[in-house]
Amino acid sequence: MEAIKAGFLGFNGQGQTLLEAASRHSGFTVEAVADSDTALAERTAKEYKCEAFDDYRQFIMQSKLDCVFVSAGLHECGEHVRMGLKKGFDIIKVAPPARDFEETAELLKLAQEKNVRFITASLRRFSDSFSMLTEHIEAGQITTPNFFTASCRTPHIERGDWQGDVKLAGGGVLLYDCFEMIEQITACFGMARQIFCFHTNQAEDHTQRLYRTEDTAALTMRFDDKLIGQLTASRTFGPSDFSLMVCTKEKVFTVSDDAFVITDPAGKVISRMDFEPDPVQWAQKFLDDYLLARRDGEYVPAYATDEENLAAMAVIESAYLSARTAMPEEPSKLVNINQTSRFLI
């Protein structure tokens, strides 16, 4: 099969990881890169032997591509993403998919109308440890979970100043650091029925906090009478941690980037598998999955469905609403998704 012609718009976060993975993948050719930093675009293009752009409009209009990987913020390239969809490009957006639920739904609808794909690249979904969690659930080895706790602490990640601006970014730690975790939880357990959230940031006074995105948050989720969970997140307080612990009456399953551990309720280890985290390898598995979905209409991809993306965004938006109202909120009010927990009897 002819290689997929790929372009890259921005190099924030996982964008560089996807670029590196695509350059090593026999199923892709890197045709063009674009960034508002001219020197960065030219330096990257020289390294990967492709064309460079610092004008996003020219990048979309002049490039002959099959797909575009987007890691730039939508505040600076949203119109160009829409142009790409209209031109017939698949858009692969580094998580999160958009700044809010409404924008996500709009982009997914546009992609459907143009018969192309708008995909969120949540790379941890393809890690060894989180893949094992999915396999255990699908094999029926994790039954009737009662409680889970998740942690997303990322104090050492470099960020653009725009991610601290509510208007430009749309959200803070919950949206940009927790989307992959919330999407994973949604894929495993369905969309939460109720959300209760508090969040804050380190601004010195109340007025400043209104214009800065949250850097620390605590989120409680209720799925049904049997399953509840909580998520804590921070960009400020360490150590770094991205982990999920799922508790049943018989076993406890703990998943992190570097391990998959099963214990009994008292903490005695039943089994443990350790891994060396390799984001480029995760990205290559994601690219394999995308190629299969693109070339085989019968293949059901492992990456998130449109419904899972919308459900995750509904949870996040409900969390922000709950933080404003100091009341529990229901994500189902935002989206009518018939996606109940697979464990609900």
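Read the figures in this text as sums done on the coordinates, not as results from a lab. Since this is a predicted model, take the numbers as computed values, not measurements. Neighbour counts are summed over all protein chains in view; Cβ atoms, including those assigned to glycine, are modelled from backbone coordinates with ideal geometry.
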GNM on the chain, C-alpha springs below 10 Å: top fluctuator among Q62, Q284, Q194?
Q62
Cross-link reach from K86 to aspartates and glutamates, straight Cα distance under 17 Å and at least 8 residues apart if same chain, gives D66, E103, E106, E113
Options (i) 168; (ii) 145; (iii) 126 are given for volume of the Cα convex hull per residue in Å³, and the computed one is (ii)
Neighbour net charge for I270 - beta-carbon separation under 13 angstrom, K R +1, D E -1:
+1
List the aspartates and glutamates whose Cα lies under 13 Å from the Cα of K251, skipping any in the same chain that are fewer than 8 positions away.
D264
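Compute the signed sum of charges (Lys and Arg +1, Asp and Glu -1) over the other residues within less than 13 Å, Cβ to Cβ, of C50.
Once all neighbours under 13 Å are counted, the net charge is 0.
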Taking the Cα centroid of segment 278-323 and of segment 1-38, what is the distance between the two, rounded to the nearest whole Å?
18
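Where does each of 224-232, 6-14, 263-271, 155-163 land if you order them by average Cβ count within 10 Å, highest first?
Values: 224-232: 16.6, 6-14: 23.9, 263-271: 10.0, 155-163: 12.9.
Result, highest mean first: 6-14, 224-232, 155-163, 263-271.
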Sorted peptide list for 122-135, 180-193, criterion being average Cβ within 10 angstrom, highest first:
180-193, 122-135
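Summing +1 for each Lys or Arg and -1 for each Asp or Glu, what net charge is found among the other residues whose Cβ lies under 13 Å from the Cβ of E2?
Working: positive: K5, K64, R294, R295; negative: E31, D66.
Here the count lands on +2.
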Choice from A312, A169, A139 with maximal GNM fluctuation in the chain (Cα, 10 Å cutoff):
A139
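Among the listed pairs K167/K333; K109/K285; K114/K285; K93/K268; K226/K333; K93/K333, which are separated by more than 32 Å between their Cα atoms? Display every interim value, and only then the final one.
Details: K167/K333 24 Å; K109/K285 26 Å; K114/K285 26 Å; K93/K268 41 Å; K226/K333 22 Å; K93/K333 25 Å.
The answer is K93/K268.
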Using only Cα atoms, find the angle between the long axis of helix 101-113 and the longest principal axis of the chain, and express it within 0 to 90 degrees, rounded to the nearest 10.
50
Could you give the distance between the Cα centres of segment 143-157 and segment 81-124, to the whole Å?
27
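What size of dipole, in debye to the nearest 20, comes out for the chain about its Cα centre when the only charges are +1 on Lys and Arg C-beta atoms and -1 on Asp and Glu C-beta atoms?
Numbers: 36 positive and 52 negative charges, 89 e Å.
For this selection, approximately 420 debye.
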Rounded to the nearest 10 degrees, the helix 279-295 long axis (Cα) sits at an angle to the longest Cα principal axis of the chain of 70
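Could you work out the relative contact order of segment 1-105? I mean the mean sequence separation of Cα pairs under 8 Å and 6+ apart, divided by the number of residues, in percent. Working shown, then result.
Values: 170 pairs, mean separation 29.5, N = 105.
With pairs under 8 Å counted, the relative contact order is 28 percent.
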I want to check the label-to-label distance for E51 and T232. Put each point 7 Å from Cα in the C-beta direction and report it in nm to one decimal.
5.1
Note on the chain: contact order normalised by length, alpha-carbon pairs under 8 Å, 6 or more apart, percent, works out to 18
Helix-only estimate, please: 222 nm mean residue ellipticity of the chain, summing -39500 (n - 2.57) across DSSP H runs of length 4 or more and dividing by its residues, to the nearest 500.
-11000 deg cm²/dmol
